[in-house]
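Note sheet for the following structure.
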Amino acid sequence: MKISFIEIQNFRKLKQCRIDFGKNNTLFVGPNNSGKTSAMEALGKFLGKRNFNFNDITLSNHILINKIGEEWINQGEEFKETIEIWEKILPILDVWIDVEDNEIQYVTHVIPNLDWKGGKVGVRLMLQPSDISTMIAEYVDLYNKSREVEEKDENGKDRIKLWPKTLCEYIEKRMPSIFTIRAYILDPEKISTLEEVPQTTDYEMECSEQRPLERIICVDMIEAQRGFYDPETAITGSDNRNLSNQLRNYYDKHLDPEKSPTVEDLNILKAMEEAKRAFNDNLEEKFRTSINELENLGYPGINNPSIKIETKVNATDALKHESAVQYEIAHSNSEEIYCLPEQYNGLGYQNLISMVFRLISFRDDWMRVGKFKKNTEKQAIEPIHLVLIEEPEAHLHMQVQQVFIKHAYKVLTDNEFLKKNSNFCTQLIISTHSSHIVKEVEFSDLRYFKRLELSEEYTIPTTTIINLSDVFGNKENETNKFITRYLKTTHCDIFFADALILVEGTAENMLLPHFIHNKYPILNQMYISILEINGRHSHRLRPLIEKIGLTTLIITDIDSVSPEGHHSHKEPKREEGIITTNYAITNWILELKSLDDLLDLESDRKVKKYNKPSDFFIRIAYQIPIDIQYKNEKIEAIASTFEDSLIYNNFEFFSNETEKDGVIFKIQSTIAKCNNFQEIHKNIYEEIREKNFQKAEFALDLIFSKDPNEIQVPNYIEEGLEWLEEQLKKHGKLLEGE
């Protein structure tokens, strides 16, 4: 048995979305403020008994709530309210569970009808008013009384506005007392596709239990670290990240010999009793003089009890000190042992141990291990263990993030009962911003949270969730193999970026961050992922880019070749029938081949628009003509690579022999020896085309020779970056809204 998928409605940014769960791991990824935390909170609040607050309701629905309040005030007691109106406003979580034939006994209380023979069962958990009539009466009464008091204020225009001014204000203050969660059984025959609205609620199918999934799903959660952690103060607090506290709680639940003692516990109980007796004898001897002195003063007197010191030895209390957990320090002297309390060890290592131990505790609590079994023996073990971990990188250093994610699921399932009983399933859900964590999991388990652009339809920041299993799921597909291998050997921050830039080679990859930092302040504030990928392969990322709808700028070479034969490389010139073989240009973005057409193409025609998953754009930037001054003459230079475009855009610098050696010196020397520009154009083209031309060294020499702030950005890249900056201004508005 496992959770197949969930559907969330009206919860924070998640107006309506579906999230498919992996069999073992599911990772929530996406840019900052894209709704990953909203999804984790929805699961925690609907399934984990955590309280809702008013801001959990999607922001755009606040307007609808206030309109309902206005109707209540206008119509008074005559207003006939129905529960259906709240279905489109308040948070809802639908949980769909796959049930095998031998697991039906776990879900008998939520099957849709007697004809159901297995497959999926669905339960809708809906936040709704506890008593609508009482809620209407109370709000109308409070509202009218506040308005009456305001009318008596003699300050005129400066009258104070009393609560509640709107229904939203009333709900915000009364939320816990006027709303409750109710559960309804869903119809498997009406399961929605990703494009459809989830089925409407059949109110006659209300569950007899308020939380029917409690018997099916055990939920545990590690929340993100929201504040600062001080190892000095955490020792005395109740911080669950402190290993001493966790060990004490675990001991109290599972190991304490005084709770339901067994034969195996007799030895330790006997030892504790002997220790208690010895300690009491010692205390009696030590305090005898002082007690005798008190009794000589007439205390306790006639019929008053005598003073007797009696200790209580409790193993749990032995863990209530800052040195309960210590780390042994490695040293060269084998005869000496040096230890330090846990707060003096590295924080990242502490957190790794602490989080792993919490997973152990979650597993053993679920499995009713040790003494905990007798305390909960009347409660059947839930068939599904859902573990939520929010941003583990907030707790862990980069070096240990990969260690943690590799072992987390193994720890949660390392139990003999689980290995023998396939009916019991653990599902681990992780939200993360860490590319180091993403690298260690199957990409088909990623769920990408995409921010929807602000529009007439989406007037406030909302999110859609994209299942990447169909991009990475088919391991035999050559394109999918390439994407997986490429991302794992480079970096995975494409899943967290505001935008993506694909560049042709090493030189672009080295210099582009300088261009952005020095000349494009808006882009510099955004999370831009720059991937170096040869133009011949850039289109292989197409399925992923189009699936997640990521705004992308492709910076590529025009690759001028002869139209005949094997398309040998050719110096770019007009009106010679030269074409390009760059696949991203010819088959993806533009579907043009002629060099003449490409050189004269307007800037706005280099953009490809997509409508799904929401409106987004991909733009291609390739070399375009450059006007330069050569011997008092204005000449058009046509480049074919990033390097010669950079040379022509900074022609004055490369025309002066300022360097004494290196790649820059070689280019400056080449220009100096030429008698005309045609010769310069031909020699630079051939020199850059040579196999031994060091492009990385060219970029390094340029950075060393010239302040990057003074380097003129190649005009085709300048066009592309200006376009990207305009696109991301929309994201700026989006972030302001959030």
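Miscellaneous remarks
- Every pair of residues 6+ apart whose Cβ atoms lie under 6 Å, when the first sits in segment 156-181 and is more than 17 Å from residue 144 (Cα to Cα) while the second is of a type in the set (Val, Ile, Thr): none
- When each of 104, 181, 132 is tested for being open to solvent by less than 80 Å² (accessible area, probe 1.4 Å), over 30 Å from residue 4 (Cα atoms) and not basic (Lys, Arg), the lone residue that passes is 132.
- Per-region count, segment 164-199, residues of a type in the set (S, T, N, Q) and within 30 Å of the chain's Cα centre (by Cα): 4
- Just so you know, in segment 361-378 the residues that are aromatic (Phe, Trp, Tyr) and at pLDDT 70 or above include one that is farthest from the chain's Cα centre (by Cα), and it is 366.
- Failed criterion for residue 715 (all others in (1) surrounded by 17 or more Cβ atoms within 10 Å (Cβ to Cβ); (2) among the polar types (S, T, N, Q); (3) more than 45 Å from the chain's Cα centre (by Cα) hold): (3)
- Residue match in segment 690-703 (condition: of a type in the set (Gly, Ala, Ser) and in contact with a strand residue (DSSP E or B) (Cβ under 8 Å, 6 or more places away or on another chain)): no
- The number of residues in segment 8-35 being assigned to a loop (DSSP other than H, G, I, E, B) and of a type in the set (Ser, Thr, Tyr) comes to 1.
- In segment 192-210, the residues that are assigned to a loop (DSSP other than H, G, I, E, B), in contact (Cβ under 8 Å) with a residue 24 or more places away in the chain and either of a type in the set (Asp, Glu) or open to solvent by 60 Å² or more (accessible area, probe 1.4 Å) (or both): 194, 197, 200, 208, 209, 210
- Some residue of segment 36-55 being touching a Leu at 6+ places or on another chain (Cβ under 7 Å), open to solvent by less than 10 Å² (accessible area, probe 1.4 Å) and assigned to a loop (DSSP other than H, G, I, E, B): no
- Among the residues of segment 169-181, the ones that are more than 17 Å from residue 133 (Cα to Cα) and touching a strand residue (DSSP E or B) at 6+ places or on another chain (Cβ under 9 Å) come to 1 in all.
- Looking at 666, 706, 691, 729, just one residue is basic (Lys, Arg), under 27 Å from residue 569 (Cα atoms) and touching a helix residue (DSSP H, G or I) at 6+ places or on another chain (Cβ under 9 Å), and that residue is 666.
- Total residues in segment 584-610, condition touching an Asp or Glu at 6+ places or on another chain (Cβ under 9 Å) and hydroxyl-bearing (Ser, Thr, Tyr): 2
- If you go through segment 676-718 and keep only what is assigned to a loop (DSSP other than H, G, I, E, B) and among the polar types (S, T, N, Q), you end up with 676, 692, 694, 712.
- Conditions (1) farther than 30 Å from residue 682 by Cα; (2) assigned to a loop (DSSP other than H, G, I, E, B): number failed by residue 571: (1)
- Taking residues in segment 603-624 that are open to solvent by 50 Å² or more (accessible area, probe 1.4 Å), and partners anywhere that are part of a loop (DSSP other than H, G, I, E, B), the pairs with Cβ atoms closer than 6 Å and at least 6 places apart or on different chains are 615/453.
- Top-ranked residue of segment 8-35 - restricted to ones that are touching a Cys at 6+ places or on another chain (Cβ under 9 Å) and open to solvent by 10 Å² or more (accessible area, probe 1.4 Å), ranked as modelled with the lowest pLDDT: 23
- Candidates are the residues of segment 532-548 that are at pLDDT below 90 and in a helix (DSSP H, G or I); the one that is most open to solvent (accessible area, probe 1.4 Å) is 540.
- Whichever residue in segment 628-650 is in contact with a helix residue (DSSP H, G or I) (Cβ under 9 Å, 6 or more places away or on another chain) and surrounded by fewer than 21 Cβ atoms within 10 Å (Cβ to Cβ) and, among such residues, is farthest from residue 452 (Cα to Cα): 631
- Residue tally, condition among the hydrophobic types (A, V, I, L, M, F, W, C) and surrounded by fewer than 20 Cβ atoms within 10 Å (Cβ to Cβ), over segment 654-670: 1
- Matching helices (runs of 4 or more DSSP H) fully within segment 603-674 where at least 3 residues are small (Gly, Ala, Ser): 662-673
- Single condition residue 405 does not satisfy, out of (1) surrounded by fewer than 22 Cβ atoms within 10 Å (Cβ to Cβ); (2) over 14 Å from residue 29 (Cα atoms); (3) touching a helix residue (DSSP H, G or I) at 6+ places or on another chain (Cβ under 6 Å); (4) modelled with pLDDT of 90 or more: (1)
- Given (1) assigned to a helix (DSSP H, G or I); (2) open to solvent by less than 20 Å² (accessible area, probe 1.4 Å), index of the condition residue 74 fails: (2)
- Here segment 211-236 is the region considered, the condition is being open to solvent by 40 Å² or more (accessible area, probe 1.4 Å) and assigned to a loop (DSSP other than H, G, I, E, B), and the residue that is modelled with the lowest pLDDT is 236.
The values are calculated or read from the model by the stated rules, or taken from the named source; none is laboratory data. Owing to the predicted nature of the structure, the values given are computational and were not obtained by experimental measurement. Neighbour counts are summed over all protein chains in view; Cβ atoms, including those assigned to glycine, are modelled from backbone coordinates with ideal geometry. Surface accessibility is based on the protein's heavy atoms, side chains included, excluding ligands, DNA and RNA. Shrake-Rupley method; radii C 1.70, N 1.55, O 1.52, S 1.80 Å.
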